[in-house]
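Below is one structure, written out as structure tokens; the observations come after it.
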Amino acid sequence: MPESKSTRQCAAAHQWGEVMTIWVDADACPNVIKDILYRASERMQMPLVLVANQSLRVPPSRFISTLRVPAGFDVADNEIVRQCSAGDLVITADIPLAAEVIEKGAAALNPRGERYTEATIRERLMMRDFMDTLRASGIQTGGPDSLSSRDRQHFAAELDKWWLEVQRRK
């Protein structure tokens with residue numbers, strides 16, 4: 001599927017290290033979090049690329065673009081890993097994806113506002129693997145709670161905190 005012109009422009013600028021980019025694992029990202037990201041992208045004047053295996057409707061903006069990838073296991077994740085660079089921010093609830101982008105020097109934030117770091121990601125991976133083992137043995141573990149207004153506020157606060165850190169490094 002061809003990329004939109006704005007995605008190619010963002011990717012080209014990003015490739016040469018001209019701009020930091022916020023990458024979104026968009027298939028699983030709640031719409032309310034995407035709305036926060038749209039506003040933040042405009043305010044920060046920073047490229048926001050939503051990567052998904054389906055078409056997405058995004059507000060018209062020179063900073064916001066989509067990148068549609070073929071359907072398939074981890075296709076969007078692999079594209080994010082391939083294109084992100086040190087200093088970028090990746091929004092994902094996918095812990096293995098977060099681990100890979102952290103390894104590349106990018107920051108990772110989940111839609112509930114939890115920032116994954118080198119210090120915390122190994123523990124999160126072990127817990128994820130443990131829960132997978134429980135589910136595979138037939139134990140019902142349940143899923144995460146619905147996204148609350150507190151989660152949304154925490155996400156917005158952590159996004160702002162990341163942006164302030166970026167500004168201090170300049």
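Bear in mind that the values in this text are calculations on the coordinates, not laboratory data. Bear in mind the structure is a predicted one, so any value in this text is a computation, not a measurement. So basically every Cβ, Gly included, is an ideal-geometry build from the backbone, and we count neighbours across all protein chains shown.
Per-residue 3J(HN,Hα) values for the range 43-54, derived from phi via the Karplus relation 6.51 cos²θ - 1.76 cosθ + 1.60 with θ = phi - 60°, read 5, 7, 6, 10, x, 10, 10, 9, 9, 8, 9, 9 Hz in sequence order (x marks Gly and Pro). For every other residue with a beta carbon closer than 13 angstrom to the beta carbon of residue 32, add +1 if it is Lys or Arg and -1 if Asp or Glu, then tell me the sum. Neighbour charge sum, excluding residue 32 itself: +3.
Note on 25, 94, 35: ascending count of other Cβ atoms within 10 Å places them as 35, 94, 25, the fewest first. Rounded to whole numbers, the Karplus 3J(HN,Hα) couplings from phi for the range 157-162 are 5, 5, 5, 5, 4, 4 Hz, using 6.51 cos²θ - 1.76 cosθ + 1.60 with θ = phi - 60°, and x at Gly and Pro.
Residues of the range 64-90 with backbone nitrogen within less than 12 Å of a virtual label 7 Å along the Cα-to-Cβ line of residue 169, please, listed as ranges. So the set is 85-90. From most to least packed by mean Cβ count within 10 Å, the peptides 75-81, 52-58, 163-169 give 75-81, 52-58, 163-169. Scanning residues 5 or more positions from residue 116 or on other chains, those with amide H under 5 Å from its amide H are 108, 109, 110, with H placed 1.01 Å from N in the peptide plane. Fewest neighbouring Cβ atoms within 10 Å first, the residues 63, 73 line up as 73, 63. In this label model, residue 160 and residue 148 are separated by 2.0 nm, measuring between points 7 Å along each Cα→Cβ vector. Note on the range 34-55 and the range 68-90: Cα centroid distance 14 Å, given to the nearest whole angstrom.
A straight chain from residue 39 to residue 119 at 0.36 nm per residue would run longer than the Cα-Cα distance by 25.8 nm. Taking amide hydrogens as placed 1.01 Å from N in the peptide plane, the amide H of residue 69 sits under 5 Å from those of 52, 53, 54, each at least 5 positions away in sequence or on another chain.
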